Every structure is written in structure tokens, then in C-alpha cells.
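The values are calculated or read from the model by the stated rules, or taken from the named source; none is laboratory data. Being a predicted model, the structure only gives us computed values, none of them experimental. Quick reminder, even Gly has a Cβ in these numbers, built from the backbone with ideal geometry, and neighbours come from all protein chains shown. Ligands, DNA and RNA are excluded from the accessible area calculation, which covers all protein heavy atoms including side chains. Shrake-Rupley method; radii C 1.70, N 1.55, O 1.52, S 1.80 Å.
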Amino acid sequence: MSEAVRIEDVSKKFRLYHERNQTLKSAIMRRRRSVHEDFWALQDVSFSVPQGSTFGLIGSNGSGKSTLLKCLAKIYWPDKGSIAYDGRMAALLEVGSGFHHELSGRENIYLNGSILGMSKKEIDRKFDEIIDFSGVEKFIDQPVKNYSSGMYVRLGFSVAISVQPDILIVDEVLAVGDAEFQEKCFAKFRDYREQGRTVVLVSHSMGSVRAMCDQVAWLNKGHIMQVGETASTIAAYEKSLDLGR
Amino acid sequence: MNYIKELLASRELLVNLTLREVKGKYRRTIFGQLWSLANPLAAMLVYTFVFSFIFQIRPDKGDPSGLNIFALWLLCGLLPWLFFSNVLSLGVSSLVSNAALIQKVYFSRVVLPLSQVAARAFTWLFEMGVLVVALAIVGSFVWPWLPLVLVVMLLLALFAAGVALALAVMNVYFRDTEHFLTIILQIWMYLTPIIYPISLVETQSHNVGGIFGTPITVLDLYSLNPMVHFVQVFRELLYDNRWPSGDAMLACVLWAIGSFTLGLIIFRRNEKGLAEAL
Ligand SMILES: Nc1ncnc2c1ncn2[C@@H]1O[C@H](COP(=O)(O)OP(=O)(O)OP(=O)(O)O)[C@@H](O)[C@H]1O
Ligand SMILES: [Mg+2]
């Protein structure tokens, strides 16, 4: 099977400022004495994701999962290493982040769709499908500030998956949706897999990971601990949690 | 070249963000787009009262148009200035205020400041349209000059966009930029011949002569301000109805190209680090 994403020796460094105020004064002070330290959120992370598979990323809070996804999504640029992928990529790091509160759901679909790289024609074509999947049809002409957080997520998610990316990146965003919607999403992921699309997802719910993922990578403090088959990787991760207790 | 391609690819997003600005701005107001005229009109009334009535500033008659109306003469310079200053003050915070978006979605970031430029250009076009109608009513024969006016408007938009791009990036690293800019714009306006004719500066410059014995005059320094040339060209076209002087036109072209290129380069250099720095 060919690779959809290939991550090689990726390291990402953040600067931790002890006193971060972005002013000219502090810039001048900083010149004299550096007041930051480097923090490596990711160190030499390497793995590849086979095309058409669903890939899970697990690990405790602060282990660097979101950072890795942001590197994949071209929001951060790794300090070392390289990331290569094939095809169109869409990331769902926070659903509905492109929404404008005063605008209606309808207007936001167009706005958000174009932020995600769709043309107007494409959105027109998928419009009904988007509304259908989101289930917020009745409120589509209301400003989104009046939406419940679940509705917000539903609409955002529906727009994002309508992009039909070859690679979909999902970070822990489905937790807000209700059981019915989650089931819908899982079904969508299964469709994706059948169509040969790749999904990379982060989740703290081992149940969903087990149910959906073909392979899993376990991150701990920026290092890859284990990559491979779902059951054994989760078992290793859970074991490490038990030992810690 | 790749960058140009990327820009072209995101033009649809640029349009949508611009529409978001334009539509969102006057939403739920009764007068809607008319509000955009309120600010220049109020400024026009105040400046006309203070500078024409109290200070008795008398700009030269329009040549060859023969116009002699301070308020219209003022607007020919004021509207371009207000556009410029609005682009800068909205553009400077365009990245910081969209931090959430930048940190969550990948797209060509340059559309954020550019959509501000486009949204302001839209209102400016509307204002200029009203001005042209007013000029025509009082007997200025502006119609043949309109194509050239549009060209100069485009040049000013490019110039403003370049400055806004650089400022937006700078504001991410130093949040002081925004506050500095407010003061700078105030000073800048008075250093541009908007509410007084440049002939007053020429006279004074002539009286003073070379500064400290050098052949450099006050006027030379004064002309370093690119807005001096833009305002001059707009007045020559709209108020005087004649060909703009070659020097001023050349200065506008050079400033526009220089600023836009430099702005894009600065933006491109820093684009990748934005999500972290915000
Ligand atoms: N912009 C940033 N500046 C400085 N440090 C950061 C930044 N973003 C993340 N970090 C640090 O990098 C580490 C990894 O964060 P990350 O968000 O990737 O964790 P995570 O695995 O997604 O955790 P969670 O399960 O809580 O979502 C954390 O220690 C965090 O403090
Ligand atoms: Mg996270």
C-alpha cells in the first residue's frame, strides 16, 4: 500500500518567554539578555500513514499531538525534518473557527468553504448536502452566534468534510456533538476509507480509536513511543498509565 | 512566481472576506452603506469652517476648470487621504484580530490585510463617485479624466496595501505598532497638503532657502512624503481637469510599485512564523 503522509524526523521547538509582553521595550530588553528558553514539543518524530487508512494519535495531555497535527496542516513549520503528503488536505483543528458571528449559517458556509479552499461553484453544488449532514436546516438563515455549541460544531464539520480531501486531519473536535452526530461522523470516516481517503485523528477516547483506527501512534512528551497495530499500541499506552498510578 | 499563483488561487477567498467586511460592517444599521459617507462629510464641514472661513485659506482656482469651491477642493485630497489612513489603521490589526483563524486553518494569510484594502477601496469608490457627481454638477468637466483617476486610485491602493502588509506583520511582534500608527497618521495628515494648498509650503520654503547652507530646501524634504504626490495628482485630475505633472505621476508609480513589492517580501518572509507568534 502506498503512503499518504510521510513524516521524517520532525522536531518542533517553541520559545517559552518568561515574560511575554510584545512591546518594543521588551524587544530592546531582550536584545541584552535573552529571557526565553527553548522547549521541544516534538522530537525526531517519524512515521508514515498508509493511503486509505484511518490513523490514530494518542498520548496524554501536552504530549504534542495537536502540535504534530498543526505541523501537518501547515500552520506550524517544523524546525527540523520533513513532512510529505499526496493530495488535497483538510484539517479540522477547531471546527467553525472561520465563522463570523454576525453572519448567517448560509453566509458562513460560503465564507468557511472558501477559507478551506472550495470555489463558489463547488459550494453551490454541495450546499444541500452540507445542510443535510449538519441537521441545522431550520436555523440556516439565523446568525451563527445564536447556535448552540453542538450546532456550531455540526455545521463546521459538515463544511469541512464536504471539501472531500484526500487526507483529513481531525483533532478532538467531535466530543461536543451528540451520540447521533458522532455515529454519523464515524460512518463518514468509514466511507472515506472505502473511497481510499486517509484520516488522521487525535482522540482521548480509546473506545473510538479502537473502533475506527487501523494504526495508532503513541506520543509521549514529544517522542514517539510506539507505532503500529491499534490493539497493541493502545494496550502499551494504557499499561504505562496504570504503572504511573 | 509561485507566490503570484498562490495569490490567484485564493482570489475567491479574498472576495468572500471582502464581502464579509463590507456586509458585516453596516449590518443592522438603518442607513447602511450611507454611513460610510458620514465620516468624510463631517470632516469636510469642520475643515471648511475652520480653514476656509476662520483661517481664510484660499487655494488657487481650478485651472482650467475655473472651480473655486473650498469644500470640493478639500474633498479631492481628503477622500484619498481617508482611504489611505483607514487602510493602514484597519490593516495593521488584520492579523492580530484574526489570530483564531490563523492558528486553526491554513490559507494564504496575505488575504487578511488585502481584504481590508479591498473593502476600504469599495467604500472609497462609492465616495469618489459621489464626489465626481458633485463636481460635475458645479461645472467641472471631469468625465474624460475618470480613467486616469481610476489608475491613480489603483496606484494609491497598491501603495497603501504595501504599507499595510508590512505594518500588519510588525504589529504581530510589537503590539505597539497599532498605537504608534494612530499618532503617526495624525502627524502625517498635517504634513500632506490636504487642508492647505502646497503653494503655501512653496512660498515658505522659498523664503527660508537652503537649510543650514545646503542646497536642500524645505520643499525637498516635504516632497519625500509620497502622499504629497498622490494628493497633487488627484487634484490636478479632478479639480483642475488637466494632465497631471509628469514628476508627480512618476513618483506615484514608483512609490506604489516599491511599497507593494517590499510589503509582499516582508510579509512572505514572516508568514510561516505567524501562528506561533500570535
Ligand atoms: N504556541 C505554543 N507556544 C509554546 N508552547 C506551546 C505552544 N503550543 C503548544 N505548546 C506546548 O507544546 C506541548 C504540546 O502541546 P499540544 O497542544 O501539542 O499537546 P496535546 O498532545 O495536543 O495535548 P492535549 O491532549 O491536551 O490536547 C505542551 O507542553 C504545550 O505547552
Ligand atoms: Mg491537543
>> I need a count of the residues in region A:66-92 that are in a loop (DSSP other than H, G, I, E, B), within 14 Å of chain B (Cβ to nearest Cβ) and open to solvent by 20 Å² or more (accessible area, probe 1.4 Å).
In response: 6
>> Where the second residue is part of a loop (DSSP other than H, G, I, E, B) and the first is open to solvent by 60 Å² or more (accessible area, probe 1.4 Å) and lies in region B:175-199, which pairs have Cβ atoms under 7 Å and are six or more apart or on separate chains?
In response: B:ARG175/A:GLN22; B:ARG175/A:THR23; B:GLU178/B:VAL92; B:GLU178/B:SER93; B:LEU191/B:ASN225
> Inside region B:216-260, can you point out the residues that are within 20 Å of B:CYS76 (Cβ to Cβ), within 17 Å of the chain's Cα centre (by Cα) and part of a loop (DSSP other than H, G, I, E, B)?
Replying inline: B:SER223, B:ASN225
> Which numbered condition trips up A:ALA90, out of (1) away from ligand 1 (no atom under 16 Å from the Cβ); (2) more than 21 Å from A:GLU3 (Cα to Cα); (3) within 13 Å of the chain's Cα centre (by Cα)?
Replying inline: (2)
> Any idea which of A:ARG154, A:ARG125, A:ARG106 is within 27 Å of A:ASP166 (Cα to Cα), within 14 Å of chain B (Cβ to nearest Cβ) and not polar (S, T, N, Q)?
Replying inline: A:ARG106
> Looking at this structure, is B:ALA166 in a helix (DSSP H, G or I) and either open to solvent by 70 Å² or more (accessible area, probe 1.4 Å) or within 14 Å of chain A (Cβ to nearest Cβ) (or both)?
Replying inline: no
>> Restricting to region B:49-71, name every residue that is out of contact with any Gly (no Cβ under 9 Å at 6 or more places or on another chain) and open to solvent by less than 30 Å² (accessible area, probe 1.4 Å).
In response: B:SER52, B:ILE57, B:PRO59, B:GLY62, B:PHE70, B:ALA71
> If the Cβ limit is 6 Å and pairs must be 6+ apart or interchain, which residue in region B:8-30 that is under 15 Å from A:GLY113 (Cα atoms) and facing another protein chain (nearest Cβ under 8 Å) pairs with which residue that is assigned to a helix (DSSP H, G or I) and polar (S, T, N, Q)?
Replying inline: B:GLU12/A:SER114; B:LEU13/A:SER114; B:ASN16/A:SER114; B:LEU17/B:SER115
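Take A:ILE169 and tell me if it is within 16 Å of the chain's Cα centre (by Cα), within 14 Å of chain B (Cβ to nearest Cβ) and not in a loop (DSSP other than H, G, I, E, B).
On the way: within 16 Å of the chain's Cα centre (by Cα): yes; within 14 Å of chain B (Cβ to nearest Cβ): yes; not in a loop (DSSP other than H, G, I, E, B): yes.
Yes.
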>> What are the pairs with Cβ atoms under 9 angstrom where one residue, in region B:35-48, is outside any helix (DSSP H, G or I) and open to solvent by less than 30 Å² (accessible area, probe 1.4 Å) and the other, located anywhere, is at pLDDT 90 or above and not charged (D, E, K, R)? Sequence gap at least six, or different chains.
In response: none
>> Within region A:185-199, does at least one residue satisfy the condition of being touching a residue at least 12 places away in the same chain (Cβ under 8 Å), open to solvent by 40 Å² or more (accessible area, probe 1.4 Å) and within 16 Å of ligand 2 (Cβ to nearest atom)?
In response: no
> Which of the residues belonging to region A:36-65 are open to solvent by less than 20 Å² (accessible area, probe 1.4 Å), within 11 Å of ligand 2 (Cβ to nearest atom) and hydroxyl-bearing (Ser, Thr, Tyr)?
Replying inline: A:SER63
